[in-house]
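Visitor: I have a structure here, written as structure tokens, and I will follow up with some questions on it.
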Amino acid sequence: QGVAFACRHFNVNGNIFMPVTTPKQKIDKTVAFGGKNIEVKLIGDYFDKTLESAIQFCKEENSEFLSPFDSLSVIEGQATVMSELIDQMESIGVPDKILLAVGGGGLSSGMTKYATALKLKTKFTLVEPEGAASLTGALAKGVQVTLKNVNNFVDGAAVARIGDKNFEILKKHPKNHVILSPEDRVCDTMLEM
């Protein structure tokens with residue numbers, strides 16, 4: 001949605017790739033932000049197939065590919081969330097603990113890197129969907145892994161392989177500070193909310 005907004009704002013054209021399982025509300029909001037400057041392409045059953053298609057499209061069209069998470073620019077951009085959080089909590093101090101969702105690793109690597117650079121004492125617990133635990137798998141093996149099967153219910157975090165640049169930042173994160181959230185629990189919580 002952010003890329004769609006930027007395309008419209010700067011009056012440039014862009015193609016936004018999403019899995020065919022993307023919720024209609026997310027597609028509609030992306031179209032609303034991008035207007036005539038974007039085209040949404042629904043390809044692949046889950047994120048990693050969509051990613052492959054987007055990269056291939058950019059090669060064929062000689063277009064610039066914008067990674068959703070595996071980019072130093074994205075990681076730095078996501079770090080601004082930590083900066084804003086600190087600014088907003090200035091009167092009471094930095095948070096003791098933050099729970100962060102992990103998909104490709106953009107937000108978690110950005111925020112933890114920023115906190116480390118400032119030598120903050122904030123502890124981070126990273127939360128992955130149980131059916132897309134690529135960080136958990138990578139931390140267990142000490143190298144990146146690609147999951148064979150991914151449950152795409154938590155569509156924003158259903159990634160078979162955490163980003164390369166993201167894993168470089170997160171690979172020293174304590175294994176016992178990464179927890180898994182079962183998809184049925186996420187579903188129940190959404191219904192309750």
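The values are calculated or read from the model by the stated rules, or taken from the named source; none is laboratory data. Computed from a prediction, not measured in an experiment: that's the story for all the values here. Here the Cβ positions follow ideal geometry from the backbone for every residue, glycine too, while neighbour counts run over all protein chains shown. These area figures cover heavy atoms from the full protein model, side chains too; ligands, DNA and RNA do not enter into them. Shrake-Rupley method; radii C 1.70, N 1.55, O 1.52, S 1.80 Å.
Visitor: Identify the residue in segment 17-45 that is touching a Ser or Thr at 6+ places or on another chain (Cβ under 7 Å) and not in a strand (DSSP E or B) and, among all such residues, is most open to solvent (accessible area, probe 1.4 Å).
Guide: My answer is 45.
Visitor: Among the residues that make up segment 58-65, is at least one of them of a type in the set (D, E, K, R), assigned to a helix (DSSP H, G or I) and within 22 Å of residue 153 (Cβ to Cβ)?
Guide: no
Visitor: Anything in segment 70-100 that is closer than 18 Å to residue 173 by Cα and touching a residue at least 40 places away in the same chain (Cβ under 8 Å)? List them, or say none.
Guide: 70, 75
Visitor: Here is a follow-up. Tell me, which strands (runs of 3 or more DSSP E) wholly within segment 89-193 include 3 or more residues that are surrounded by 18 or more Cβ atoms within 10 Å (Cβ to Cβ) and either of a type in the set (Gly, Ala, Ser) or under 13 Å from the mean Cα position of the chain (by Cα) (or both)?
Guide: It comes to 123-129.
Visitor: Considering segment 55-83 alone, what residues qualify as being over 18 Å from residue 103 (Cα atoms) and aliphatic (A, V, I, L, M)?
Guide: 55
Visitor: Still on this model: I'm trying to understand the selection: among the residues of segment 2-16, which are among the polar types (S, T, N, Q) and open to solvent by less than 90 Å² (accessible area, probe 1.4 Å)?
Guide: Scanning segment 2-16 gives a single hit, 15.
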